[in-house]
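Asks: Let me give you the structure first, and then I'll get to my questions.
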Amino acid sequence: MGEISLQDAIQQFLQQSRLKSGIQAVRIEEVWEQLMGKTIAKYTDKIQIINHTLYITSSVAPLKNELLYQKENIIVRINEALGEKAVREVVIK
């Protein structure tokens, strides 16, 4: 029987569990300021990922408009930061 590292075992477990999107959301929140900048992070109220869709909530109308124009860029940056295709679509609320 082959041996597997603890890290690999945890990654395999997460790939198959329902916890994966929650962990991805936490990881996105951790890198959001680095990826998008302090100003955008400051006025972003909530970030949530459900079924490969990233939901970004903000009460600032100009920020919502700016994020709408950056959807494709956001998808690329988030996926690069996570090292996988976690986000396929972005919804701005």
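Asks: Kindly indicate which of Lys46, Lys20 is modelled with pLDDT under 80 and not polar (S, T, N, Q).
Replies: Lys20
Asks: Determine which single condition Asn73 fails, assuming it passes every other condition in (1) farther than 13 Å from Lys93 by Cβ; (2) in contact with a Phe, Trp or Tyr (Cβ under 7 Å, 6 or more places away or on another chain); (3) at pLDDT 90 or above.
Replies: (2)
Asks: Taking only region 52-89 into account, find how many residues are without any contact (Cβ under 8 Å) to a residue 60 or more places away in the chain and part of a loop (DSSP other than H, G, I, E, B).
Replies: 10
Asks: From the list Ile92, Ile40, Ile49, pick out the single residue that is of a type outside the set (Phe, Trp, Tyr), in contact (Cβ under 8 Å) with a residue 24 or more places away in the chain, surrounded by 13 or more Cβ atoms within 10 Å (Cβ to Cβ) and under 15 Å from Arg27 (Cβ atoms).
Replies: It is Ile49.
The values are calculated or read from the model by the stated rules, or taken from the named source; none is laboratory data. Because the structure is predicted, anything quoted here is derived from the model rather than measured. Every residue, glycine among them, receives a Cβ derived from its backbone with ideal geometry; neighbour counts consider all protein chains shown.
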